[in-house]
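Take a look at the structure below.
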Amino acid sequence: MNEAELIAQIDGVIFAEKDLKQKLAELCRILNNFNPDFSWVGFYIMNHQQRLLHLGPYWGNDTEHRLIPFGRGICGQVADSGESYIAENVAEESNYIACNVDVKSEIVIPIFHGETLVAQLDIDSNVVNAFGEEEVSILNRVCDKINHHLSEGMHYAKFFG
Ligand code: SME
């Protein structure tokens, strides 16, 4: 699948008549399928009141990290900074939560509704340095679409309420 085909599939899901949780789960599956180096793809939803990240839809193995405090791990750091983070080699990270021993690199991209950080897209890879310029550019394009079309429903109270 090339980038144009990926975007066409993503648009197909975004604009379908479906429940938001189902759409996000499908986006995870499509992204996971897009790149064989992506081993786990999921969304964490920000609970600002309790300063906790709450696991949302994902594609890949179950994870015990369903709740992550702000500040802990890569995701928790992005909760505080609001900026994307790429761990090229998780073995070199001092603040990292392992979901699976096979994971070698990870990217976390914040999802915004307007100015508000509402969620994060988290992707693991079993390959070191899986998130190069090309991957990052495609993932940013996908996240821009999520920001524009889906993020309104991703506020914690709406999503889990
Ligand atoms: N590795 C992440 C935790 C989430 S799992 O990868 C699904 C972190 O360090 O925040």
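Taken together, the values in this text are just the output of simple stated rules run on the coordinates, not laboratory data. None of these values were measured; they are calculated from a predicted model. Backbone-built Cβ (ideal geometry, glycine too); neighbour counts: all protein chains shown.
Worth a mention:
- Comparing the chain with the 2.2 N^0.38 Å rule of thumb, its C-alpha radius of gyration ratio is 0.95 (two decimals).
- GNM on the chain, alpha-carbon springs under 10 angstrom: the most fluctuating residue among GLN22, GLN49, GLN77 is GLN49.
- For the stretch 74-128, diffusion coefficient by Stokes-Einstein and Kirkwood Rh (Cα), 37 °C, 0.692 mPa s, µm²/s: 285
- Segment GLU83-VAL101, length gained on full extension (0.36 nm per residue, minus Cα span): 4.0 nm
- 3J(HN,Hα) along the stretch 122-130: 10, 10, 9, 9, 8, 10, 5, 6, 7 Hz, from the Karplus curve 6.51 cos²θ - 1.76 cosθ + 1.60 with θ = phi - 60°, whole Hz, x for Gly and Pro.
- For the chain, the number of Lys pairs with C-alpha atoms closer than 20 Å, counting only pairs eight or more positions apart or on separate chains, is 7.
- Estimated dipole of the chain in Debye, rounded to 20 [Cβ of Lys and Arg +1, of Asp and Glu -1, Cα centre]: 660
- Cα shape, the stretch 38-102, gyration tensor, a/c 1.5 rule: oblate
- When shorter helices are ignored and each DSSP H run of at least 4 residues is given -39500 (n - 2.57), the per-residue value for the chain at 222 nm works out to -11000 deg cm²/dmol.
- The residue among TRP59, ILE86, ILE107 whose Cα reaches farthest toward the positive pole of the charge dipole of the chain, with charges on the beta-carbon of Lys, Arg, Asp and Glu, is TRP59.
- ³J(HN,Hα) computed for each position of the stretch 102-115 - Karplus, 6.51 cos²θ - 1.76 cosθ + 1.60, integer Hz, glycine/proline x: 7, 6, 10, 8, 7, 10, 10, 10, x, 10, 10, 10, x, 8
- Within a Gaussian network of the chain (alpha carbon springs, distance under 10 Å), most fluctuating of CYS28, CYS143, CYS99: CYS99
- Those trypsin sites (Lys or Arg not before Pro) in the stretch 33-111 that DSSP places in a loop and that have at most 16 other beta carbons within 10 Å: ARG51, ARG66
- Residues whose amide H comes within less than 5 Å of that of VAL118, counting only those at least five positions distant or on another chain, are ILE111, PHE112, HIS113 (H built at 1.01 Å from N in the peptide plane).
- Among LEU121, LEU31, LEU20, the largest mean-square fluctuation in a Gaussian network model of the chain, built with springs joining Cα atoms closer than 10 Å, belongs to LEU20.
- Approximate shape of the stretch 30-74 as ellipsoid semi-axes (Cα gyration tensor, √5λ), whole Å, largest first: 23, 10, 9
- Gain in span if fully extended, ALA91 to ASN33, counting 0.36 nm per residue against the direct Cα distance: 18.4 nm
- Site pair LYS18 and ASN140 shows an inter-label distance of 2.7 nm when each label is modelled 7 Å from Cα along Cα→Cβ.
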